[in-house]
Amino acid sequence: MLVDQKTLNILQKIELSDSYDVEKFVILDKPQENWGNIGGLSEEIQEMREVIELPLKSPELFEKVGIKPPKGILLHGPPGTGKTLLAKAAANSTNATFIEIVGSELVQKFIGEGAKLVKEIFELAKQKAPTIIFIDEIDAVASVRMENGTSGEREVNRTFMQLLAELDGFKPLDTVKVIAATNRIDILDNAIIRPGRLDRLIEVGLPDEEGRVEIFKLHSKEMNLKGVQPKELAKLMENFSGAEIRAACTEAGYFAIRNGRSFVTQDDFEQAIEKVRIDEEDTEYKKAFG
Ligand SMILES: Nc1ncnc2c1ncn2[C@@H]1O[C@H](COP(=O)(O)OP(=O)(O)OP(=O)(O)O)[C@@H](O)[C@H]1O
Ligand SMILES: [Mg+2]
């Protein structure tokens with residue numbers, strides 16, 4: 001098994017005397033990630049900068065030209081491709097408060113509180129502006145609704161309606177921006193991406209060979225390498241996500257340790273890549289056939 005890629009650090013608790021819920025649910029953070037930590041994705045970074053960074057930093061440009069920037073962005077694509085990284089880097093580069101919420105937690109963890117929480121999160125965002133609200137797994141609250149029969153579904157609906165109301169409630173040049181992410185754009189309710197809401201869609205796909213070289217270099221930067229050829233490795237890592245490339249680096253380090261070496265070789269990486277690929281196929285298989 002590889003080390004779990006997802007870590008959630010609560011860096012600071014929000015002190016809000018009469019809103020107990022917000023404190024409990026959100027992750028309030030000043031992210032350390034910056035644009036330079038992201039490999040490949042240069043077009044996506046460019047777009048994020050124009051849509052998030054520029055309006056927060058220089059709203060007067062938009063006023064002068066007379067256009068309204070999007071209020072928010074929807075990042076979509078396969079797991080481990082850098083969506084969360086992009087959102088954090090945007091917050092870092094603008095020095096904005098970063099409020100992170102996870103859609104599935106909104107609807108599962110504190111049943112009955114979802115809508116209220118959404119309202120309080122946007123209030124908090126305005127207080128702490130400039131703020132980027134990051135909603136991960138947005139599909140959990142904003143998927144095409146089913147029968148709307150069970151109380152659970154009604155609850156998700158209420159949360160979703162509140163989210164739409166909040167998105168409609170602020171102005172494009174307000175200092176709050178919303179970035180949402182999903183792996184399941186196929187099941188998303190179109191209401192969320194209507195003009196004036198999260199109407200800028202950015203696809204974050206698997207990296208191409210050049211992107212894989214960049215990502216590999218970032219994650220092996222501090223490793224003690226010997227005779228390693230990034231270009232060759234990038235070829236072997238076809239279809240790997242950024243998260244898998246990082247995992248391969250860690251695994252390669254383990255191969256070196258097991259062999260009593262303090263440096264990591266091309267061969268270590270080749271074995272590591274194989275291992276990550278097999279582990280990945282294993283989980284895919286289990287997902288499909290149990
Ligand atoms: N483009 C990239 N450049 C550098 N590192 C990357 C890149 N993509 C992914 N990674 C590595 O993989 C980890 C996971 O990436 P991230 O959390 O951004 O993926 P994600 O797209 O949000 O995935 P998910 O859909 O599962 O939430 C990152 O912390 C980073 O170490
Ligand atoms: Mg993510």
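Read-outs throughout are calculated quantities, based only on the coordinates presented, and are distinct from any laboratory measurement. Just so it is clear, the structure is predicted and the values come from calculations on it, not from any experiment. In this analysis, Cβ positions are derived from the backbone assuming ideal geometry, glycine residues included, and neighbour counts consider all displayed protein chains.
Worth pointing out:
- When each of the peptides 235-241, 98-104 is scored by how many other beta carbons lie within 10 Å of its residues on average, the order from highest to lowest is 98-104, 235-241.
- In the calculated pair-distance distribution of segment 230-279, the portion above 14 angstrom amounts to 43 percent of the Cα-Cα pairs.
- With the convex hull constructed from alpha-carbon coordinates only, segment 20-203 shows a mean projected area of 10.0 nm² over all directions.
- Sorting the Cα pairs of segment 90-197 by distance into bins of 5 Å, from 0 upward, gives 2, 12, 23, 25, 20, 11, 4, 1, 0 percent per bin.
- Measuring spread by the Cα atoms of segment 86-139 yields a radius of gyration and Dmax of 11.8, 35 Å.
- Relative contact order of segment 54-179: 36 percent, from C-alpha pairs under 8 Å at least 6 residues apart in sequence.
- Across all Cα pairs in segment 185-276, the calculated P(r) in 5 Å bins from zero up to the longest distance comes to 3, 14, 22, 18, 10, 7, 7, 7, 6, 4, 2, 0 percent per bin.
- Once you divide the Cα radius of gyration of segment 47-96 by 2.2 N^0.38 Å, the number left is 1.26.
- Set of lysines with alpha-carbon distance to Lys217 below 27 Å, sequence-local pairs under 8 removed: Lys6, Lys30, Lys83, Lys88, Lys226, Lys231, Lys235, Lys275
- Built amide H within the under 5 Å cut-off of Val204, gap 5+: His76, Gly77
- Cβ-defined net charge surrounding Phe255, 11 Å radius [Lys, Arg +1; Asp, Glu -1]: -2
- Loop-located trypsin sites (Lys or Arg not before Pro) across segment 171-232 with a Cβ neighbour count of 16 or fewer within 10 Å are Arg184, Lys221, with loop assigned by DSSP.
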